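Visitor: Below you'll find the structure I mean.
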Amino acid sequence: MPITATITKAQRDGIYELVCNHLYGIDDLWTAFGRSRDYATAERLAIEFTEDFRLLADIGWRPDEEREAFELTIPPHDLAETLKRLHDEAEKLLSGSPHERSERENDEQTDRRFLTGLDACEAVLVEFDERGGERA
C-alpha cells in the first residue's frame with residue numbers, strides 16, 4: 001500500500017491514546033443498534049470504529065510499540081477525516097467542564113496524552129494542507 005504520511009513515535013502515542021479513548025465507547029454502537037434502534041447513529045459509529053481499527057493496523061495495537069516512525073497507509077482523504085474527528089474529540093475532552101475533568105483518573109497525565117494526540121492530528125493535517133492533500 002502507498003504511504004500517505006509518516007508520524008513519529010510521540011505523535012503515534014498521542015494518536016493511539018485518542019483512538020483508544022474513542023474505542024472505549026464501542027458499547028454505544030450496541031446501544032444505538034440493538035436497544036435504541038437508532039440506525040443512523042449506529043451507522044456513524046460503525047464507520048468511526050472502522051476508521052479507528054484501520055488506524056490501529058498502521059500504528060499498532062499495543063501501547064508500547066518500539067518503532068520510531070509509523071507509516072500511515074490510509075488514503076489521504078480518509079485519514080484527514082479520521083484525524084479531524086479525533087482532533088475534535090480531543091478538544092472537547094480537554095475543554096470539558098472542571099467537574100467533568102476532575103472526575104477523570106490521572107487527569108493531568110490523561111490531558112497530556114490527549115494534548116499530544118491533538119497536536120499530532122494537527123501536524124499531519126497541516127502537512128496535508130501544505131501538500132494540497134497529496135500523499136507523502
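The values are calculated or read from the model by the stated rules, or taken from the named source; none is laboratory data. Keep in mind the model is a prediction, meaning the values are calculated, not measured. Heads up, the Cβs are rebuilt from the backbone with ideal geometry, glycines too, and the neighbour counts pull from every protein chain shown.
Visitor: Run down THR31, THR8, THR4 and say which single residue is under 21 Å from PRO75 (Cα atoms), surrounded by fewer than 19 Cβ atoms within 10 Å (Cβ to Cβ) and of a type in the set (Ser, Thr, Tyr).
Guide: On the way: THR31 fails: under 21 Å from PRO75 (Cα atoms); THR4 fails: surrounded by fewer than 19 Cβ atoms within 10 Å (Cβ to Cβ).
Exactly one of THR31, THR8, THR4 is under 21 Å from PRO75 (Cα atoms), surrounded by fewer than 19 Cβ atoms within 10 Å (Cβ to Cβ) and of a type in the set (Ser, Thr, Tyr), namely THR8.
Visitor: Can you tell me which residue within the range 80-136, out of those that are more than 16 Å from GLN11 (Cβ to Cβ) and of a type in the set (Lys, Arg), is modelled with the highest pLDDT?
Guide: Only one residue fits best here, namely ARG85.
Visitor: Could you give me the residue pairs with C-beta distances under 7 Å whose first residue belongs to the range 65-78 and is surrounded by 14 or more Cβ atoms within 10 Å (Cβ to Cβ), whose second residue is among the small types (Gly, Ala, Ser) and modelled with pLDDT under 95 wherever it lies, and which are 6+ apart or on separate chains?
Guide: Qualifying pairs under 7 Å: LEU72/ALA5; PRO76/GLY133.
Visitor: What is the residue count in the range 33-51 for residues that are within 16 Å of GLU89 (Cβ to Cβ) and in a loop (DSSP other than H, G, I, E, B)?
Guide: Residues that pass the stated criteria total 0.
Visitor: Same structure again: I need the full set of residues from the range 42-52 which are free of Cβ contacts under 8 Å to residues at least 12 places away in the same chain and either within 17 Å of ASP13 (Cβ to Cβ) or not charged (D, E, K, R) (or both), in order please. Quick ask: steps written out before the conclusion?
Guide: Residues of the range 42-52 free of Cβ contacts under 8 Å to residues at least 12 places away in the same chain: 43-44, 47, 50.
If the condition is that a residue be free of Cβ contacts under 8 Å to residues at least 12 places away in the same chain and either within 17 Å of ASP13 (Cβ to Cβ) or not charged (D, E, K, R) (or both), then ILE47, THR50 are the ones that fit.
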